[in-house]
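Peer 1: Quick one: the structure is below, questions incoming.
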Amino acid sequence: MTTDRAPVGVPFRFARWLLVRSAGALFVLWAVATLTFFAIRLIPGDPAEAILGGPGSQASDEALAAVRAEYGLDQPLAVQYLAALGRLATGDLGTSYSLRTSVSTLLAEQLPGTMLLAALSLSVAWMLALALATWSTRGGRVPAAVGAGLEVVAAALPHFWIAIVLILVFSTGLGWFPPISTAGPAGLVLPVVTLALPLAGFLGSIMRESLLDALEAPFALSARARGESELGVRLVHALRHAALPAIGLSGWAFGFLISGAVVVETIFARPGLGRTLLTAVTARDIPLVIGVVLVVAAAYIVLTVLTDAASRLADPRLRAA
Amino acid sequence: MSDLEVSTRIARSATSRRAGTRRSATVGEVVAALVIVFLLLSALLPGAIAPLDPLAIRPLEAFSPPSPGSWFGTDESGRDIFSRVVHGTASSLLIGVSATAIGLGLGLILGTAAGMLGPVVDFSVNRMLEVLFAFPGLLLALFFIVIFGPGVVTATIAVGISTAPGYARIIRGQLVSIRRSAYVEAATVLGRSRWQILYRHILPNTLAPIFVLGTLGVGQAIVWAASLSYLGLGAVPPAAEWGAMLAAGRTYISTAWWLTFFPGLFIVLTATAITVLGRRLQQRVREQG
Amino acid sequence: MSAAGATGADPVLRVENLTVGFGASGAAVVEGVSFTVAAGECLALVGESGSGKSVTARSILGLAGARSWQRADAVELSERDLRSLSEREWRSVRGRNVGLILQDALASLDPLRPVGREIADALRLHTRLSPAARAARVHELLRSVGMPEPELRVKQRSGELSGGLRQRALIASAIALDPGLLIADEPTTALDTTVQARILDLLAEQKESGTAVLLISHDLAVVSRVADRVAVLREGRIIETGPTDRVLRNPEEPYTRRLIGAVPTGRPRGERLSVPVGSAPGGSAQRARPAAPVPARATTPRDAVALSVRNVTVRFRGPNGSTRLAVDSASVDLHTGTTLGLVGESGSGKTTLARLALGLIAPDAGEVRVGGEPWNPLAEKHRRPVRARVGAVYQDSLASFDPRLSVEAILTDAATGGARRGSPARSGAADRVRELLDSVGLPAGVLPARPLNLSGGQRQRVAIARALAPRPDILICDEPVSALDVSVQAQVLDLLDELQERHGLSYLFISHDLGVVAHMADRIAVMSEGRIVEMADTDRILAAPQHPFTRRLLDASPRL
């Protein structure tokens, strides 16, 4: 509903919304931790054995007992759960079974590389999507059809296949970029493109549809009637409307990028969270898997709160809802 | 937010803008339909399209690049890749369809419970979905595989489970909007009972779009399942299944690219064609609804 | 066709033989339209939906759309030929020489930008004013359109303003450069009556100050308030033109006469609005009532009360625990066989009262009785057996039909109490459905169609047939004609009138339009901010309104 009232209390309402939203986020984080803790109890077999190298390792009973005592596995479940939560609260994610080092330290080493990859890919995807959306809505059937076609194909491209094709063409064929992602900027190009292409397909579709909606909206007609040029209508009005829903998808895009990072970091032999997760999954290194899952979940939750807040600030219509 | 919700949003927005205009099929939609016909033929009658035995080992012809005699080349044991890709269509599609069915089934249960069983259940299910959404993308699938071990069955279930929250949220939203719709209100005014309204209005209007939703989902499910296989967590060689072929060919990327390129190409074609047709179907359903 | 020429003064806008169409081979939607508008004059283009009035307005600005084409012997703005302008030249004309005001300012102002920026845009595009000078001019403009607290408003976005303030902001943006021509396309549609009156005054002020105003409207009553001359459009052609007074008092064309005849405002209860038999396509043929004015209905309100609402209160809970009184201890009685009109502005609680009367929401206090029996609050289980007595017709009838069902399925379901296919209750349903169609004047040909594919008037007839199917005593009509063109509205109102007579129905008739309500109702209840501020016989309300709000509503209500 609309009111004639002055927007007194808007900052207050926003603060309260943020508080409620953050409390909800904390709850989700706790639930994620609890879920992972109990879910891993479903794993058949003895965790102590897993620590000592799996069922095939034929560890002695004494060794098993020692490990159980060391990891608190001989305690009742409730005690273990509370202890785990307590450690979590202090940032202690336990020790990796396979690497024998602190999970927190491991993740701290792997996180920046993946975040750099994800941030770069997101930026490239945004630029590609924006370029494609603006070009394909300039009028005419051909750009519209080409734009829509490219978006659908890009969105359906599996990361591994793009990576293979890029390596074939640009490493094996042309030799422009290394097939293995080293620390240098050249090594980042192929992984970033691989991650960005499918995301650009999704974002491009959303942006193009919202852009078309905005260009046909009455406010665009008003602007044209005011003497605004087509470029002006886009820059001043339509692009904002096109960007908003895409911003709202940031949480989803983050998940999409992390999933892609598992594949991309593996193919390009690039150290990072994704590859760590895959190694941990393959080796069934439970503390490490949980560590990665919790870090990703926490990042996702924080990101969702932030983008929701940004959307609300940018779009007064969301505040009324 | 899930891939699926993003896809449906795109189709929804596209439909509302073109409301009222009945358009003929685009070139892309015709091509997509042809691709799907070819895939269905491959799945049902693989021998008619690729007569060579997909499992016949010919060590002397190992690693032959694509040639007129062997369109897609041969693999490390000399098996014909074109035959393997064609013969693998059925199982690959089956994986995608099963994963979608699992996701859709779970989504249907959760979404219906949330949408129909009152505010307490709705609240609980919504919180549960929020928690599941905090495992973005493949994370839920990978976590599931850690617990139940790798393999084609667990990978399929894992993909199904990781798509379930998306389906659940869409179905719930659909139910809630139908329950609040003016036509359900009109039925109440006419004196219809809750069961009559459920049976005559709510269920038919909810179920019609769900079939389309599943179609949109199959393409993405195939891509994710193949990604898991490629990572060595899904289907295992030497099965003639696209994901398994990818996993097997991974070692030879730099020397024999055709081992992974062609199965991957089929995945891309399948996912694209299904998505194009799914969007079209969704527009049709929305235009009528 | 002679041009709708002004007398004397040089025209600001001269349009000669304008034809506009869409698509390469598309038929013209505007054909051979000619008119002029002089400085300080207001010309109204009047027509029903699809008559081509908006397309005409947009063509003058070169904004009919990318797929449109147009031909004209002349389109001149202050003697400047607009037909051969380059895109760049067009941009300098738009906003500077011509201002455009669209319907629905919520959508016509960018919802993501503060209105101050939207208004300043016109200045930014056409002047070299500094940002500070622009801001000063925006304040000045907002004051001139009567915007309260302009300092505050410039920072708000259209969604944060009320309908009236929004429309004022839109007008401010259109007159920012004091253009010689102002085109207003349905500027007051969807606004409350009192707000509408103020916006029309604002347009009149612009006219007085020497601007040429081209007003586009479907509403003759609105037009009569500001327009000096009227041009009536039908199917893309101007069929009649002349001074407003002459056209409205002495229409030459039968179509104009029908259009004017369809306006319910000021027409006594029971008088026919639509032209019977033959001349009105889609009109119901079986009606044999005389078209001559029938003096106020002979049916004296009987003592029996069909529906009684006693002291009901409904509170809505806001998101932050606050509560708002949607209906505040309201009491109304609907007497058997009569119509009780409920009139009020948007947000006054009319629809909430309707939902109470339909038993869709429970009151927080008070009660509703039907035929003396408890009705609301009451468990749905006990209300269901008597629901057949109370029917409903809604404004948006399309949304009230299950999109999957055909007209036949909808009516069969309603006539058989929702019986399943093959059940004995369905025997004879086909005959009953035919009978219902007949009674609302629809041909059997609509049976297989879905409501989506019917016209607005046909949909509303189907909705009425559905409401009649269970043979109710009472119909709750919530804005049943608000979305319809005036001639279709006339037909539906006549139909409701006739059905009431034939079946002895009692109507609770809700509308924001006092003219419609006064034509339909025996008694009127005026609602404002959740309260019934006045309730009396229609004649009394019209002749001697007691409450200030009723008086304001009456004053603002446009009439021919």
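Peer 1: Go through (1) among the aromatic types (Phe, Trp, Tyr); (2) closer than 21 Å to B:ILE157 by Cβ; (3) modelled with pLDDT under 85 for B:TRP71 and report which single condition fails.
Peer 2: (2)
Peer 1: Next question, about the same structure. How do the pairs read when you match residues in region A:24-51 that are at the interface with another protein chain (Cβ under 7 Å from one of its Cβ atoms) with residues anywhere that are part of a loop (DSSP other than H, G, I, E, B) and surrounded by fewer than 19 Cβ atoms within 10 Å (Cβ to Cβ), using Cβ under 9 Å and keeping only pairs 6 or more apart or on different chains?
Peer 2: A:ILE43/B:GLY149
Peer 1: Going by the conditions given, is A:ARG319 out of contact with any Asp or Glu (no Cβ under 6 Å at 6 or more places or on another chain), assigned to a helix (DSSP H, G or I), more than 12 Å from chain B (Cβ to nearest Cβ) and at pLDDT 80 or above?
Peer 2: Working: out of contact with any Asp or Glu (no Cβ under 6 Å at 6 or more places or on another chain): yes; assigned to a helix (DSSP H, G or I): yes; more than 12 Å from chain B (Cβ to nearest Cβ): yes; at pLDDT 80 or above: no.
So A:ARG319 does not fit the description; no.
Peer 1: May I pose another question? Would you be able to say whether some residue in region C:535-545 is in contact with a Phe, Trp or Tyr (Cβ under 8 Å, 6 or more places away or on another chain), of a type outside the set (Asp, Glu) and either part of a helix (DSSP H, G or I) or at pLDDT below 90 (or both)?
Peer 2: In the first step, residues of region C:535-545 are kept if they are in contact with a Phe, Trp or Tyr (Cβ under 8 Å, 6 or more places away or on another chain); the result is none.
The answer is no, given that none of the residues of region C:535-545 is in contact with a Phe, Trp or Tyr (Cβ under 8 Å, 6 or more places away or on another chain), of a type outside the set (Asp, Glu) and either part of a helix (DSSP H, G or I) or at pLDDT below 90 (or both).
Peer 1: If you don't mind, another one. Which count do you get for residues in region B:230-271 that are surrounded by fewer than 23 Cβ atoms within 10 Å (Cβ to Cβ), touching a residue at least 40 places away in the same chain (Cβ under 8 Å) and of a type in the set (Val, Ile, Thr)?
Peer 2: 2
Peer 1: Just to be sure, is A:HIS237 over 30 Å from A:TRP30 (Cβ atoms) and in contact with a Ser or Thr (Cβ under 8 Å, 6 or more places away or on another chain)? Break it down stepwise before answering.
Peer 2: Details: over 30 Å from A:TRP30 (Cβ atoms): yes; in contact with a Ser or Thr (Cβ under 8 Å, 6 or more places away or on another chain): no.
Taking the combined requirement at face value, the residue does not satisfy it.
Peer 1: Within region A:137-164, count every residue that is under 20 Å from B:THR272 (Cβ atoms) and more than 24 Å from the chain's Cα centre (by Cα). Steps first, please.
Peer 2: Quick first cut of region A:137-164, residues under 20 Å from B:THR272 (Cβ atoms) only: A:142-164.
Going one step further and asking which of them are more than 24 Å from the chain's Cα centre (by Cα), we end up with A:142-149.
The total comes to 8.
Peer 1: Does C:LEU495 satisfy being more than 20 Å from C:ARG559 (Cα to Cα), out of contact with any strand residue (DSSP E or B) (no Cβ under 6 Å at 6 or more places or on another chain) and surrounded by fewer than 24 Cβ atoms within 10 Å (Cβ to Cβ)?
Peer 2: On the way: more than 20 Å from C:ARG559 (Cα to Cα): yes; out of contact with any strand residue (DSSP E or B) (no Cβ under 6 Å at 6 or more places or on another chain): yes; surrounded by fewer than 24 Cβ atoms within 10 Å (Cβ to Cβ): yes.
Here the answer is yes, as C:LEU495 does meet what is asked.
Peer 1: So, C:LEU452, is that one part of a helix (DSSP H, G or I), under 24 Å from C:GLN489 (Cα atoms), within 14 Å of another protein chain (Cβ to nearest Cβ) and at pLDDT below 90 or not? Reasoning before the result, please.
Peer 2: Numbers: part of a helix (DSSP H, G or I): yes; under 24 Å from C:GLN489 (Cα atoms): yes; within 14 Å of another protein chain (Cβ to nearest Cβ): yes; at pLDDT below 90: yes.
For C:LEU452, the condition - part of a helix (DSSP H, G or I), under 24 Å from C:GLN489 (Cα atoms), within 14 Å of another protein chain (Cβ to nearest Cβ) and at pLDDT below 90 - is met.
Peer 1: Report whether or not B:VAL184 is in contact with a strand residue (DSSP E or B) (Cβ under 7 Å, 6 or more places away or on another chain) and either at negative phi or more than 14 Å from chain A (Cβ to nearest Cβ) (or both).
Peer 2: Working: in contact with a strand residue (DSSP E or B) (Cβ under 7 Å, 6 or more places away or on another chain): no; either at negative phi or more than 14 Å from chain A (Cβ to nearest Cβ) (or both): yes.
Considered against the rule, which asks whether it is in contact with a strand residue (DSSP E or B) (Cβ under 7 Å, 6 or more places away or on another chain) and either at negative phi or more than 14 Å from chain A (Cβ to nearest Cβ) (or both), B:VAL184 comes out as no.
Peer 1: Let me ask you something else. Inspect region C:220-237 for any residue being in contact (Cβ under 8 Å) with a residue 24 or more places away in the chain, in a loop (DSSP other than H, G, I, E, B) and of a type in the set (Asp, Glu) and give the result as yes or no.
Peer 2: Taking region C:220-237 and keeping what is in contact (Cβ under 8 Å) with a residue 24 or more places away in the chain, we get C:220-237.
Still in the list and also in a loop (DSSP other than H, G, I, E, B): C:227-228, C:235-236.
Filter once more, keeping what is of a type in the set (Asp, Glu): C:228, C:235.
Yes, some residue in region C:220-237 is in contact (Cβ under 8 Å) with a residue 24 or more places away in the chain, in a loop (DSSP other than H, G, I, E, B) and of a type in the set (Asp, Glu).
Peer 1: Turning to a different aspect of this structure: Can you tell me how many residues in region C:180-197 are assigned to a helix (DSSP H, G or I) and crowded, with 19+ Cβ neighbours inside 10 Å?
Peer 2: Just the residues of region C:180-197 that are assigned to a helix (DSSP H, G or I), to begin with: C:193-197.
Next, from what is left, pick out any that are crowded, with 19+ Cβ neighbours inside 10 Å: C:193, C:195-197.
So the answer is 4.
Peer 1: For residues in region C:81-115 being closer than 22 Å to C:THR211 by Cα and among the aliphatic types (A, V, I, L, M), which is nearest to the other protein chains (Cβ to nearest Cβ)?
Peer 2: Per the stated criteria, the residue is C:LEU100.
Peer 1: If only one of A:ALA155, A:ALA200, A:ALA148 is modelled with pLDDT of 90 or more, in the same structural domain as A:ALA299 (by TED's automatic domain parsing) and not in a loop (DSSP other than H, G, I, E, B), which one is it? Full working, then the answer.
Peer 2: Numbers: A:ALA155 fails: modelled with pLDDT of 90 or more; A:ALA148 fails: modelled with pLDDT of 90 or more.
Result: A:ALA200 is the single residue among A:ALA155, A:ALA200, A:ALA148 that is modelled with pLDDT of 90 or more, in the same structural domain as A:ALA299 (by TED's automatic domain parsing) and not in a loop (DSSP other than H, G, I, E, B).
Peer 1: While we're here: Testing A:PRO179 on (1) crowded, with 21+ Cβ neighbours inside 10 Å; (2) of a type outside the set (Lys, Arg); (3) facing chain B (nearest Cβ under 9 Å), one condition comes back false. Which one is that?
Peer 2: (1)
Peer 1: Something else about it: Check whether at least one residue in region A:35-52 is modelled with pLDDT of 85 or more, part of a helix (DSSP H, G or I), surrounded by 13 or more Cβ atoms within 10 Å (Cβ to Cβ) and in contact with an Asp or Glu (Cβ under 7 Å, 6 or more places away or on another chain), and report yes or no.
Peer 2: Looking through region A:35-52, none of the residues is modelled with pLDDT of 85 or more, part of a helix (DSSP H, G or I), surrounded by 13 or more Cβ atoms within 10 Å (Cβ to Cβ) and in contact with an Asp or Glu (Cβ under 7 Å, 6 or more places away or on another chain).
Peer 1: Can you name the strands (runs of 3 or more DSSP E) wholly within region C:27-114 that have at least 2 residues being surrounded by fewer than 19 Cβ atoms within 10 Å (Cβ to Cβ)? So that I can check it myself, show each step before the final result.
Peer 2: Working: elements: C:28-38, C:42-46, C:68-71, C:74-77, C:98-101.
Hits in region C:27-114: C:28-38, C:68-71, C:74-77.
Peer 1: Related question: Restricting to region C:36-69, name every residue that is touching a helix residue (DSSP H, G or I) at 6+ places or on another chain (Cβ under 9 Å) and not small (Gly, Ala, Ser).
Peer 2: Let us first name the residues in region C:36-69 that are touching a helix residue (DSSP H, G or I) at 6+ places or on another chain (Cβ under 9 Å), namely C:40-42, C:44-49, C:58, C:61-65, C:68.
Selection gives C:GLU41, C:CYS42, C:LEU45, C:VAL46, C:GLU48, C:ARG58, C:LEU61, C:LEU63.
Peer 1: Among the candidates B:LEU259, B:LEU246, B:LEU277, single out the residue that is within 23 Å of A:LEU277 (Cβ to Cβ) and either more than 9 Å from chain A (Cβ to nearest Cβ) or in contact with a Pro (Cβ under 7 Å, 6 or more places away or on another chain) (or both). Talk me through it step by step, then tell me what you get.
Peer 2: Values: B:LEU259 fails: within 23 Å of A:LEU277 (Cβ to Cβ); B:LEU277 fails: within 23 Å of A:LEU277 (Cβ to Cβ).
That would be B:LEU246, the only listed residue that is within 23 Å of A:LEU277 (Cβ to Cβ) and either more than 9 Å from chain A (Cβ to nearest Cβ) or in contact with a Pro (Cβ under 7 Å, 6 or more places away or on another chain) (or both).
Peer 1: Quick check on C:ARG389: is it modelled with pLDDT of 90 or more and not small (Gly, Ala, Ser)? Outline the logic, then answer.
Peer 2: Details: modelled with pLDDT of 90 or more: yes; not small (Gly, Ala, Ser): yes.
Taking the combined requirement at face value, the residue satisfies it.
Peer 1: Same structure, new question: Within region B:77-96, count every residue that is surrounded by fewer than 24 Cβ atoms within 10 Å (Cβ to Cβ), at pLDDT 85 or above and of a type in the set (S, T, N, Q).
Peer 2: Adding up the residues that qualify gives 1.
Peer 1: Turning to a different aspect of this structure: When the residues of region B:119-156 are filtered to those that are among the hydroxyl-bearing types (Ser, Thr, Tyr) and crowded, with 16+ Cβ neighbours inside 10 Å, which remaining residue is farthest from the other protein chains (Cβ to nearest Cβ)? Break it down stepwise before answering.
Peer 2: Within region B:119-156, the subset among the hydroxyl-bearing types (Ser, Thr, Tyr) is B:124, B:154, B:156.
Remaining after also requiring crowded, with 16+ Cβ neighbours inside 10 Å: B:154, B:156.
On the way: B:THR154: 12, B:THR156: 16 Å.
Only one residue tops the list, namely B:THR156.
Peer 1: Got a number for residues in region B:87-125 being within 30 Å of B:SER227 (Cα to Cα), in a helix (DSSP H, G or I) and not polar (S, T, N, Q)? Write out each step before concluding.
Peer 2: Let us first name the residues in region B:87-125 that are within 30 Å of B:SER227 (Cα to Cα), namely B:87-111, B:125.
Now drop any that are not in a helix (DSSP H, G or I), which leaves B:87, B:89-111, B:125.
From what is left, the residues that are not polar (S, T, N, Q) are B:87, B:90, B:93-97, B:99, B:101-111, B:125.
Residues that pass the stated criteria total 20.
Peer 1: May I pose another question? Mind counting the residues in region C:457-471 that are within 14 Å of chain B (Cβ to nearest Cβ) and either surrounded by fewer than 21 Cβ atoms within 10 Å (Cβ to Cβ) or at pLDDT below 90 (or both)?
Peer 2: Qualifying residue count, region C:457-471: 2.
Peer 1: Also: Could you look through region A:216-232, keep only residues that are assigned to a helix (DSSP H, G or I) and surrounded by fewer than 20 Cβ atoms within 10 Å (Cβ to Cβ), and pick out the one that is farthest from the other protein chains (Cβ to nearest Cβ)?
Peer 2: The first filter runs over region A:216-232 and keeps only residues assigned to a helix (DSSP H, G or I), leaving A:218-225, A:230-232.
Filter once more, so that each one left must be surrounded by fewer than 20 Cβ atoms within 10 Å (Cβ to Cβ): A:218, A:230-232.
Values: A:PRO218: 4, A:GLU230: 8, A:LEU231: 11, A:GLY232: 8 Å.
Looking at residues that are assigned to a helix (DSSP H, G or I) and surrounded by fewer than 20 Cβ atoms within 10 Å (Cβ to Cβ), I get A:LEU231.
Yes/no matrix, rows are residues, columns are (1) small (Gly, Ala, Ser); (2) modelled with pLDDT under 85; (3) surrounded by 24 or more Cβ atoms within 10 Å (Cβ to Cβ); (4) farther than 20 Å from B:ALA134 by Cα:
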position	(1), (2), (3), (4)
A:ALA238	yes, no, yes, yes
A:LEU257	no, no, yes, no
A:VAL264	no, no, yes, yes
A:LEU273	no, no, yes, no
A:VAL292	no, no, yes, no
A:LEU306	no, no, no, no
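The values are calculated or read from the model by the stated rules, or taken from the named source; none is laboratory data. Just so it is clear, the structure is predicted and the values come from calculations on it, not from any experiment. With ideal geometry, Cβ positions are generated from the backbone for all residues, glycine too; neighbour counts draw on all protein chains shown.
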